[in-house]
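Enquirer: One structure is given below, represented as structure tokens, and several questions about it will come after.
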Amino acid sequence: MILVVEDSADQQRLIKQMLTSAGYKDVHLTDSVAEALRILKEQPASVELALVDFMLSSGDGIDLIREARRMPDLRDTPFLLVTGRAGPEIIPQALEAGAADFIFKPFHWMELVSRVRNALRLRMEISRRIAREAELITSQRELEEAFRKLESISNQDSLTGVSNRRKLDEHLD
């Protein structure tokens with residue numbers, strides 16, 4: 001699901017239309033910070049990306065992103081800040097809060113779709129890397145266990161189970 005947190009009904013319709021025309025069918029709209037936080041807390045795995053307006057009538061978009069970033073399940077979820085307020089001070093605020101990107105209003109539909117697509121692509125790549133790291137850790141543990149078994153076998157006589165000359169030399173060193 002793509003969560004759109006925008007207090008303007010016209011902007012909500014416009015963003016939803018742009019995203020659905022680009023093939024994104026699961027677009028959820030809300031105008032409330034409280035509702036957005038509820039969705040993020042209750043369904044963190046279903047939110048693939050969030051588009052958050054900077055100025056909301058029910059709160060601040062940057063504060064929403066900060067609060068969401070405190071939730072461990074949303075660590076890799078991209079948040080895109082949408083703002084009609086132009087100014088260079090917005091960029092560092094958005095990035096410090098944890099926004100993956102930002103879009104200035106008015107925006108072209110191609111820009112919105114491209115930024116959404118890139119953010120989702122990055123999230124997928126992060127998920128793949130995390131899965132690959134987990135596989136590597138498992139493989140490393142299996143290798144370490146196999147090494148311990150091989151080391152134990154190489155230090156004992158297979159018939160008697162008594163330590164062999166190699167083990168004696170190790171012990172004497």
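The values are calculated or read from the model by the stated rules, or taken from the named source; none is laboratory data. None of the values given here were measured: they were computed from a predicted structure. FYI the Cβ positions are ideal-geometry reconstructions off the backbone, even for glycines, and counts take in every protein chain you see. When the accessible area is computed, the model is the full protein with side chains, heavy atoms only, and any ligands, DNA or RNA have been set aside. Shrake-Rupley method; radii C 1.70, N 1.55, O 1.52, S 1.80 Å.
Enquirer: Among all the aspartates and glutamates, which ones have a C-alpha under 18 Å from Lys149's C-alpha, if same-chain residues fewer than 8 places away are not counted?
Expert: Partners found: Asp157, Glu170.
Enquirer: How are the alpha carbon pair distances in the stretch 1-106 distributed across 10 Å bins from zero to the largest one, expressed in percent?
Expert: Pair shares across the bins are 16, 53, 30, 2.
Enquirer: Another one. At 1.4 Å probe size, with the rest of the protein present, what percent of the exposed accessible area of the chain is carbon and sulfur atoms?
Expert: 54 percent
Enquirer: Using only Cα atoms, what is the ratio of the radius of gyration of the stretch 62-124 to 2.2 N^0.38 Å?
Expert: Dividing the Cα Rg of the stretch 62-124 by 2.2 N^0.38 Å gives 1.12.
Enquirer: Rounded to the nearest whole Å², what accessible area per residue is found for the chain with the 1.4 Å probe?
Expert: Values: 10860 Å² over 173 residues.
Value for the chain: 63 Å² per residue.
Enquirer: Hand me the GluC sites (Glu not before Pro) from the stretch 68-157 located in a DSSP loop with no more than 14 other Cβ atoms within 10 Å, in residue order please.
Expert: Values: sites: Glu89, Glu96, Glu111, Glu125, Glu133, Glu135, Glu142, Glu144, Glu145, Glu151; in loops: Glu89.
Loop-located and lightly packed - Glu89.
Enquirer: Hey, what angle do you get for helix 109-154 against the long axis of the chain, alpha-carbon based, 0 to 90 degrees rounded to 10?
Expert: For helix 109-154, the angle is close to 10 degrees.
Enquirer: In addition: In a GNM of the chain with a 10 Å cut-off on Cα contacts, which of Ala68, Ala22, Ala131 has the highest mean-square fluctuation?
Expert: Ala131
Enquirer: Normalised by the number of residues in the stretch 1-108, what is the relative contact order in percent for Cα pairs under 8 Å and 6+ residues apart?
Expert: Details: 173 pairs, mean separation 26.7, N = 108.
25 percent.
Enquirer: With the radius of gyration and the Kirkwood radius both derived from the Cα set of the stretch 36-163, what is their ratio Rg to Rh?
Expert: Numbers: Rg = 23.9 Å, Rh = 17.9 Å.
Across the stretch 36-163, the Cα-based Rg/Rh ratio is 1.34.
Enquirer: Compute the signed sum of charges (Lys and Arg +1, Asp and Glu -1) over the other residues within less than 14 Å, Cβ to Cβ, of Glu135.
Expert: In short, +2.
Enquirer: For the stretch 104-173 and the stretch 1-48, what is the separation of their Cα centres, given in Å?
Expert: If you average the Cα positions of each part, the centres end up 37 Å apart.
Enquirer: Count the net charge of all other residues whose Cβ sits under 12 Å from the Cβ of Asp76, scoring Lys and Arg as +1 and Asp and Glu as -1.
Expert: The answer is +2.
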